[in-house]
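Here's the structure, in structure tokens; my notes come after.
Bear in mind these aren't lab numbers, they're just calculated from the coordinates by the rules spelled out. This one's a predicted model, so the numbers in the text were calculated from it and none came from an experiment. Glycine also receives a Cβ, built like all others from the backbone with ideal geometry; neighbour counts cover every protein chain displayed.
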Ligand SMILES: [Zn+2]
């Protein structure tokens, strides 16, 4: 393990020979064909340079503001699950297992004020905003009858977008297209800070990621869930469920995470890279039942 090295996580590190030998010895038998310097897990290469055009601090602040506003509005509509809601507890338990493995992918994640909330909405949706603000919509848990491993697959995927700073990258690309000097200064907070924040926050929920970002989030996601002790092959079942749900009313989630025919094959092709991590990971001590129908979940509280 060299979880403390950000360069390794970014795939641009040449570890010292001593570390390589230790790692190689550790992997003998399990992955004897892998080169000595190989990091165990998936390989997604360095982060996009475009992310550097936008301030991480400011984007995380914008995410935090947008998230807080959403949760306030949900609470006003009695659509924010209380702390003791079994499905909210389930989400927080799974997040607690995944989050410690996020630091290796992004050092900033150590300082994030991670939050996990459940929204009483029938939509099939979930997200993790920059700064570790996670939300699941009840509909995705209920309609897809998600098992814990599948919930972990979605959470790992969403958290991976935040860790790999895909929102920051997309906004950086926009800044580059529109003129780095002008927009860049606004995004970096050198212009009107308040307006910049509001604009950024509003964009976060409708960002459509590229195929490359999606593939990256899939791979980082299966590694996160494998390390957390959840079956990484659940990502395949999740996508199969998502695809068949798409034949009726298209899931909201698919509009911001476009599916492609190669997606499931790519995940399957990478499962062997995380099989050892999953085999050695301690299993979750708690397992949770699938979400019951939304109606009974809300009426039981409303009385
Ligand atoms: Zn995605």
**Prompt:** What nm distance separates the two modelled labels at residue 75 and residue 210, each placed 7 Å from Cα along Cα→Cβ?
**Reply:** 3.9 nm
**Complete:** By the C-alpha gyration tensor axes a ≥ b ≥ c (rounded if a/c is under 1.5, else prolate when a/b exceeds b/c, else oblate), the shape of segment 47-294 is prolate
**Gain upon complete extension [residue 262, residue 145; 0.36 nm per residue less C-alpha separation]** = 39.7 nm
**Asked** Shape call for segment 34-112 from the C-alpha gyration tensor, a ≥ b ≥ c root eigenvalues: rounded (a/c under 1.5), prolate (a/b greater than b/c) or oblate?
**Response** oblate
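Among DSSP beta bridges lying fully in segment 47-294, give the percent that are antiparallel, nearest 5.
Details: 5 of 10 bridges.
Of the beta bridges lying entirely in segment 47-294, close to 50 percent run antiparallel.
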**Fill in**
Stretched fully, the stretch from residue 89 through residue 243 gains (0.36 nm per residue minus C-alpha distance, one decimal, in nm) 52.7 nm
